[in-house]
Amino acid sequence: MSVRRLAEDSVQPPVFAFNRSNAAWAKRKIKDYPKGREASAVIPLLMRAQEQDGWVTKAAIELVADMLDMPLIRVLEVATFYTQFQLAPVGKRAHVQVCGTTPCMLRGAGDLIAVCKSRIAQNPFEISEDGNLSWEEVECQGACVNAPMVMIFKDSYEDLTAEQMEHIIDRFAAGKGSEINPGPQIDRIYSAPEGGLTSLTEKPGKSSRASGSARKAAAGKTKSKVAAPSKKPAAKIAGVIGAAATKKANAAAKPAKSADAGKPKGMRKPAKPDDLKLISGVGPKIEGILNGLGIYKFEQVSKWKKAERDWVDGFLKFKGRIDRDDWVKQAKALAKGGAEEYIRVFGKKPR
């Protein structure tokens, strides 16, 4: 582990005090621990100080030491040991922690780091020009099944691509990080297999809820009793089998729902295709995929109905991102008047 030190005195505030609500919370938290063991609250208190100011200052460490009646060196040991504590100022809106351990690296963490370098700052812990974002590479965050992933504040964002990382950075930069749902960014539930469950898919039957008394009664029946032969006539059995076979055949004969239902209509590549990357949420890779579908013009995207949006959303595994970013509205503005119309509608330049 690299050496971790407090920030230079030139950036350290002279004093630190919990605000009213955090001070009340800290007093209650200390009481959660037995008398004489109040020092166990050191990590929660340091975390609350970081949440309040964005990083752990020297003054905050000194205050926590006084509140818990701990030697200052003991609190310093905790703050400098755990990498969850930021010992220098970080981005005001987000500090992106990119997992760089082997599983994440094998699954594309290098691409996420490249995005952070190009969109935030070239070096770890370097704050973006507007002061809102920063990043660092960290050790394993414990979501290897969903690699690659990043941590922002207390939330993890998993199963990422470079394009999704750009989208997440865009949202936090705009102060809209709450619009991004934490967890997997593809169609999976937590750490379940991609594409859905492959086992334990049956719903519990009634037999699984049988009462203990019923099971005992069943067990008490005479074991020597031989099952009586079925009294159903052979013709009736044959009829049942035949009906089941007919039902199965009819089900198989039904036309399957087309996988292309809702797929937007494409076009041949025009002489001057539009720069689809001007749509927030569309990076170079996504633009290439859209071009591969025959989507080259803002006007095409502006005409997408719900069926087309749902199809593309599922194809890109965006989990509703097209509607959240309102690609259609963005495309309408860009198709109507380019960057000037976009600025008029959204109050900012297209990226």
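The values are calculated or read from the model by the stated rules, or taken from the named source; none is laboratory data. Note that the coordinates shown come from a computational prediction; the quantities given were computed from them, not determined experimentally. Every residue, glycine as well, gets a Cβ built from its backbone with ideal geometry; the counts of neighbours run over all protein chains shown.
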State all residues of segment 79-91 that are surrounded by fewer than 18 Cβ atoms within 10 Å (Cβ to Cβ) and assigned to a helix (DSSP H, G or I); if no residue qualifies, say none. 80, 81
Would you confirm whether any residue within segment 181-189 is within 19 Å of residue 55 (Cα to Cα) and in contact (Cβ under 8 Å) with a residue 24 or more places away in the chain? no
Applying the selection to segment 292-327, what residues are among the hydrophobic types (A, V, I, L, M, F, W, C), within 25 Å of residue 194 (Cα to Cα) and in a loop (DSSP other than H, G, I, E, B)? 293, 318
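Tell me whether segment 191-214 contains one or more residues that are of a type in the set (A, V, I, L, M), outside any loop (DSSP other than H, G, I, E, B) and at pLDDT below 90.
yes
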Candidate set from segment 2-16 (those that are in a loop (DSSP other than H, G, I, E, B) and among the small types (Gly, Ala, Ser)); member that is surrounded by the fewest Cβ atoms within 10 Å (Cβ to Cβ): 2
Scan segment 328-351 and give yes if some residue there is within 24 Å of the chain's Cα centre (by Cα), outside any loop (DSSP other than H, G, I, E, B) and within 25 Å of residue 114 (Cα to Cα), otherwise no. no
Is there a residue being assigned to a helix (DSSP H, G or I), at pLDDT 95 or above, closer than 27 Å to residue 135 by Cα and charged (D, E, K, R) anywhere in segment 50-58? yes
